[in-house]
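What follows is a single structure, written as structure tokens, with notes after it.
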Amino acid sequence: YRDTLIRVFTPPGVLTDIENYFGIDDGKSGLLQTVFICSYMFLAPVFGYLGDRYNRKLIMSVGITFWSAVTLASSYTPKEHFWALLLTRGLVGVGEASYSTIAPTIIADLYVKGKRTNMLSVFYFAIPVGSGLGYIVGSQVGRVTQDWHWALRVTPGLGVIAVLLLIFVVKEPKRGAIEARPEHHLHQTSWLADLRALSTNHSFVLSTLGFTAVAFVTGSLALWAPTFLFRAAVFTGEKEPCVEGNCASSESLLFGIITCVTGILGVASGVQVSRQLRKKTARADPLVCAAGLLLSAPFLYLAIVFAQTSTIATYVFIFLGETFLSMNWAVVADILLYVVVPTRRSTAEALQIVISHLLGDAGSPYMIGVSDSLRKTDSFLWQFRSLQLSLLLCSFVAVVGGGFFLATALFIEKDRHRAENYVPTGEADPATHTCSSTDRQQRR
């Protein structure tokens, strides 16, 4: 999974070079991430449906193989055909959708309770660590080869390794077997019945909206942070303006390192704080997610504001902001898995992906990129200032997301109890059918 994130975030590591190569502005370069996210978002329900019903290993293997081939093909895009790069970025969404909707459900069917949380934290280390490695690989390979195309050619080989490991190492567990409720006891319901049940699950809906805020902020920073840091260095006089070559390689490298380190710290601290807080309240998980977003907001704001005066302060505040932001990844995934029954988890993962990306990072890179409209002139001063003003939106969205997680805390106990104590009957909404005490005793 870390390999897949490397491929997603390799282009942002060389974004300035891509802009110079194709002669495009911030708005068009923002489309690179938006097109990928839209493809990923619309394909997620398809793979969620398949993942709840068919062999998950096979689906993931085919998806990652296709992704690797498309990534390699994108590196040969001619200068005159920017649309072809957009097309291949869209096709990359196939691999992401096939994997991210299904992999967490396999972990859920292998582990329960505290051990599941630990395994999810290891899995979700891949998001910040893989993203950070994407910036590092992209910027440094581009710098060494003096050609950004090679940044996209070094990772497909890792995809082949990932597929081989999936085929020969990973086992396909029975859905729900580890919870003493295997899939043949739970029964499959129709896709529409699944959607109806999920739409009445308050914890799922509210935590998804909270995660949407995380996606919005993460998507904005993922694409624009290295470019913003480079423009800040030009604004403060630390660097000369650059129109060709590997312009933002040092900023991409530093931001990549920060993303890796803060990802490890954030995910690990989020899981540990949640584990300790669960001893005092059953609402620990959404409270930890809320705290992470609410604490990240002021530090991200300070990082953006201080960029014009102090480079060191900017990196320090980015470090703190990303650490708190990363506290959410494993915890919010665990929330979904224990408030949704096993036979609906892939569908729930897919629905969460659609909503969080549709309202989050599908549009946020482009929204930040249209900061071009705020420029009074096309000077380097206004290139920096317009992007700075646009990025301030991230702090506001983080606060809103924290509010959604606080609301989740109001319903989490009831929804978890429902998920742990019902058995579906036919096509009716299973959320209203709890099993009797006799059924529970027999199951034990």
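Computed from the coordinates by the stated procedures, all read-outs in this text should not be read as laboratory data. Since the model is a prediction, treat every value here as computed from it, not as a measurement. Virtual Cβ from ideal backbone geometry, glycine too; neighbours counted across all protein chains shown.
Protection proxy ranking for 98-108, 115-125, using the average of other Cβ atoms within 10 Å per residue and placing the highest first: 98-108, 115-125. Using alpha carbons only, what's the Rg to Rh ratio of the range 208-334 with Rh from Kirkwood? Ratio of gyration radius to Kirkwood radius: 1.05. Checking the table Lys57/Lys279; Lys115/Lys414; Lys171/Lys279; Lys28/Lys239; Lys174/Lys414; Lys57/Lys414 against a 31 Å threshold on Cα-Cα, which pairs fail? Beyond 31 Å: Lys57/Lys279; Lys171/Lys279; Lys57/Lys414. Each Cα pair under 8 Å and six or more residues apart adds its separation to the average, and for the range 18-136 the resulting relative contact order is 32 percent. Look at the dipole of the range 48-128 built from charges on Cβ: of Trp67, Thr117, His81, the Cα furthest out on the positive end belongs to Thr117. Overall, the range 20-109 carries a charge dipole of about 200 debye about its Cα centre when +1 sits on the Cβ of Lys and Arg and -1 on the Cβ of Asp and Glu, all other atoms neutral. With the highest mean first, a sort of the peptides 354-361, 165-172 on other beta-carbon atoms found within 10 angstrom per residue produces 354-361, 165-172. Compute the distance from the alpha-carbon center of the range 75-104 to that of the range 25-63, in whole Å. When both Cα centres are located, 9 Å separates them.
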